[in-house]
1. Kindly check whether there is at least one residue in the stretch 152-165 that is surrounded by 23 or more Cβ atoms within 10 Å (Cβ to Cβ), touching a helix residue (DSSP H, G or I) at 6+ places or on another chain (Cβ under 7 Å) and within 30 Å of residue 266 (Cα to Cα).
2. Return yes when residue 190 is in contact (Cβ under 8 Å) with a residue 12 or more places away in the chain, within 28 Å of residue 285 (Cα to Cα) and out of contact with any strand residue (DSSP E or B) (no Cβ under 6 Å at 6 or more places or on another chain) and no when it is not.
3. For the stretch 292-310, name all the residues that are surrounded by 11 or more Cβ atoms within 10 Å (Cβ to Cβ) and farther than 18 Å from residue 278 by Cα.
4. For residue 285, all conditions in the list (1) surrounded by fewer than 24 Cβ atoms within 10 Å (Cβ to Cβ); (2) under 19 Å from the mean Cα position of the chain (by Cα); (3) over 16 Å from residue 48 (Cα atoms) hold save one; what is the number of the exception?
5. Do we have residue 110 as assigned to a loop (DSSP other than H, G, I, E, B), within 18 Å of residue 187 (Cβ to Cβ) and in contact (Cβ under 8 Å) with a residue 60 or more places away in the chain here?
6. So which strands (runs of 3 or more DSSP E) are wholly in the stretch 10-102 and hold at least 1 residues that are buried (at least 16 other Cβ atoms within 10 Å of the Cβ), in contact with a helix residue (DSSP H, G or I) (Cβ under 6 Å, 6 or more places away or on another chain) and free of Cβ contacts under 8 Å to residues at least 60 places away in the same chain?
């Protein structure tokens, strides 16, 4: 039996990423930004896990840490049973093709000096997937068709395309490496509403056809509800709730999740929702509040929330919540 049949495709175990704050002439470390602090989750093959939360909560840092764009402060990242966070660059290289990324801004992530054909062909050549130029050209044409772009798009430059078309090029480039997992880091947030829907539908179609797993990092809960299997809610570097899409959207257990969902626009005017307005700003990740980090803004906070950090409780249904008030 293969490893992938017995273990999740990706496991993230208690990862931390702290960025040092350096001051003075000698760049002395005077503190740390706690961007990610004890995050754990897993992703099965073919599954979509959404990572949601306000800007600055650490979502993108989690994604980039998995990609090894950052070195972890502590914790483990395991890909199909193999720990990858401690591998050398040479040992990691064969595994990089299995995890690809689509960034938020499609224009800045495409080389303006390369034609689209060469942009998509680059990972094919770099990972040694094909050496025959005729077959590479055929593969690029196939990928362009997969993302619903014309074959002649390969001869054009990135600046000749709209934002949505550029993001399709980024998707084709990610697919060129034949990955098993794609990290979508706010991949649709810079696009118009109608284009967002097209890109999300495209990703879903590709996922079903190719068996891809997706880590979908977003702050747009309306999009998340449409495309994900499970949702992890982050606040100030930690996951406060993790549940299936149905569970989370129908019955949120954490006050922060409830507040996020109350802010999602509802298209049906007959279906009224009560908006939960959080007071104050998100605390600094340098000087975080004691106890539950959310207690300074939580409308339901009690005394224990100010002094004791809530444990991540697994409820009978299997969902996880980190809150003193949500034990059932």
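Only the coordinates and a few stated rules stand behind these numbers; no lab work does. This one's a predicted model, so the numbers in the text were calculated from it and none came from an experiment. When we count neighbours, we look across all protein chains shown, and the Cβ atoms used for this are built from the backbone with ideal geometry, even at glycine.
1. no
2. Working: in contact (Cβ under 8 Å) with a residue 12 or more places away in the chain: yes; within 28 Å of residue 285 (Cα to Cα): yes; out of contact with any strand residue (DSSP E or B) (no Cβ under 6 Å at 6 or more places or on another chain): yes.
Judged against the criteria, residue 190 is a match.
3. Our first condition is that a residue be surrounded by 11 or more Cβ atoms within 10 Å (Cβ to Cβ); within the stretch 292-310, this holds for 292-302, 304-306, 308-310.
Residues satisfying the conditions are 304, 308, 309, 310.
4. Unmet for residue 285, out of (1) surrounded by fewer than 24 Cβ atoms within 10 Å (Cβ to Cβ); (2) under 19 Å from the mean Cα position of the chain (by Cα); (3) over 16 Å from residue 48 (Cα atoms): (2).
5. Values: assigned to a loop (DSSP other than H, G, I, E, B): yes; within 18 Å of residue 187 (Cβ to Cβ): yes; in contact (Cβ under 8 Å) with a residue 60 or more places away in the chain: yes.
The answer is yes for residue 110.
6. Working: elements: 10-23, 28-43, 48-52, 74-79, 99-102.
Filter on the stretch 10-102 gives 10-23.
To keep it simple, each residue is scored yes or no on (1) at positive phi; (2) outside any helix (DSSP H, G or I); (3) touching a strand residue (DSSP E or B) at 6+ places or on another chain (Cβ under 8 Å).
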site	(1), (2), (3)
167	no, no, yes
172	no, no, no
197	no, no, no
209	no, no, no
233	no, yes, yes
